[in-house]
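What follows is a short report on a single structure.
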Amino acid sequence: MAGLRPDLWAIGHSTPTTAAVIQQDGTILADRPDCPSPSVLHSWLAAWEKAGRPAPETYTPALTRTTDGWDLHLSR
């Protein structure tokens with residue numbers, strides 16, 4: 001999650017070389033045209049829609065260490 005401005009937040013996906021975010025209004029921004037992250041964001045959005053758009057507080061977060069850093073996993 002990234003704060004783009006005080007009143008604008010975005011959820012993002014990154015790899016070691018690329019990044020993309022989806023803003024509150026649904027706009028997806030990527031760092032380059034061939035970035036793979038927008039497709040990941042689309043799949044997350046589809047899963048959220050399919051689940052009935054649950055509120056953030058219904059998820060339990062967990063961090064998993066990887067060789068590249070950390071992965072955040074949300075479960076319900």
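The values are calculated or read from the model by the stated rules, or taken from the named source; none is laboratory data. Predicted model, so just to flag it, every value in this text is computed and none were measured. Note that we place each Cβ from the backbone using ideal geometry, even for glycine, and neighbour counts take in every protein chain shown.
Structure above, values below:
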{"quantity": "Scope region 22-54; condition of a type in the set (V, I, T) and surrounded by 13 or more Cβ atoms within 10 Å (Cβ to Cβ); matching residues", "calculated": "I22, I28, V40"}
{"quantity": "So G26, is it on the phi > 0 side of the Ramachandran plot and modelled with pLDDT under 85", "calculated": "yes"}
{"quantity": "Residue list for region 34-54, filter: of a type outside the set (A, V, I, L, M), assigned to a helix (DSSP H, G or I) and more than 16 Å from D71 (Cβ to Cβ)", "calculated": "P38, S39, H42, W48, E49, K50"}
{"quantity": "Residues being charged (D, E, K, R) and farther than 23 Å from T66 by Cβ - total across region 1-33", "calculated": "3"}
{"quantity": "First in region 3-21 and farther than 17 Å from P38 by Cα and in contact (Cβ under 8 Å) with a residue 24 or more places away in the chain, second anywhere and surrounded by fewer than 16 Cβ atoms within 10 Å (Cβ to Cβ) and among the aromatic types (F, W, Y), Cβ under 9 Å, 6 or more apart", "calculated": "none"}
{"quantity": "Identity of the residue in region 55-76, in a loop (DSSP other than H, G, I, E, B) and loosely packed, with under 11 Cβ neighbours inside 10 Å, that ends up farthest from the chain's Cα centre (by Cα)", "calculated": "T67"}
